[in-house]
Amino acid sequence: MRLKLLCAGIVGLAATALTQTSAAPELHLRGGRFQPLVYEQMTIKQKVMTDDVLNGERGSMNGPYNVLLRSPEMGDLAQKYGAYLRFHSSVPKKLNEFAILITARYWNSQYEWYAHHKYGLQAGLNPGLIDALAAGKRPSPMGPDEEVVYSFCTELLSTKQVSDATFNAAKGKLGERGVVDLIGVVGYYQLVSMLLNVDGYPLPDDAKPELKPLR
């Protein structure tokens, strides 16, 4: 009887392992200096981070996550922070995407720009505004809310601070929580830009770099 139970247990474990192996997600990871990882070869903590990303609102491991897997505890915290700033920020979606594009342009981050160019259009940004930003020009015309976000983000990135007038204008449009969320999204996407740039993260095969270095 014990032998039968032992055999049944072994068979059950084998079946579970087979199921887990066959159910391993297709990640389609890409990388430059950091070679793409394979799910079956990941550590437990790397799998936890991967599962958290895939089960979240992104549903994809495109972008900086192949790099962040090298430090999965940090990576999981970072991706959760980023998920809030992208999907749940108090800053309206259109303005949030504008801030991301401003940050991508500042860092000349090709993949970040490639991805959020599309998201910005979907959120309602004017194509001419995005084109001007790509060319390193102050977009014109802009709506009053876009003016506030552009001034705040570019001043913060270029001077490392903001004037009272710029702060008060942002506070008037977005509230104090919105100002903090706006700082958060600029900070997070600077991290993303650095990760992608250090990696040399490749664009999809059918895409060409849209940004030229700014003088």
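The values are calculated or read from the model by the stated rules, or taken from the named source; none is laboratory data. What you are looking at is a predicted structure, and each value in this text was computed from that prediction instead of being measured. Here the Cβ positions follow ideal geometry from the backbone for every residue, glycine too, while neighbour counts run over all protein chains shown.
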When (1) within 11 Å of the chain's Cα centre (by Cα); (2) outside any helix (DSSP H, G or I); (3) of a type outside the set (A, V, I, L, M) are applied to residue 59, the one that fails is (1)
Looking at 6, 95, which one is of a type outside the set (Asp, Glu) and either at pLDDT 95 or above or closer than 27 Å to residue 160 by Cβ (or both)? 95
Matching residues in the range 36-59 - criterion: being surrounded by fewer than 11 Cβ atoms within 10 Å (Cβ to Cβ) and at pLDDT 95 or above: 44
Going by what's in this entry, would residue 121 be described as under 19 Å from residue 192 (Cβ atoms) and without any contact (Cβ under 8 Å) to a residue 60 or more places away in the chain? no
Report whether or not residue 109 is of a type in the set (Ser, Thr, Tyr), buried (at least 19 other Cβ atoms within 10 Å of the Cβ) and touching a residue at least 60 places away in the same chain (Cβ under 8 Å). yes
Out of the range 183-208, which residues are small (Gly, Ala, Ser) and either closer than 20 Å to residue 86 by Cβ or surrounded by 15 or more Cβ atoms within 10 Å (Cβ to Cβ) (or both)? 184, 187, 193
Working only within the range 150-182, note down all residues that are surrounded by 15 or more Cβ atoms within 10 Å (Cβ to Cβ) and under 13 Å from residue 89 (Cα atoms). 174, 178, 179, 181, 182
Please enumerate the residues belonging to the range 187-211 that are part of a loop (DSSP other than H, G, I, E, B) and touching a Gly at 6+ places or on another chain (Cβ under 8 Å). 200, 201, 202
Any hit, the range 54-65, residues being touching a residue at least 60 places away in the same chain (Cβ under 8 Å) and either within 22 Å of residue 81 (Cβ to Cβ) or not small (Gly, Ala, Ser) (or both): yes
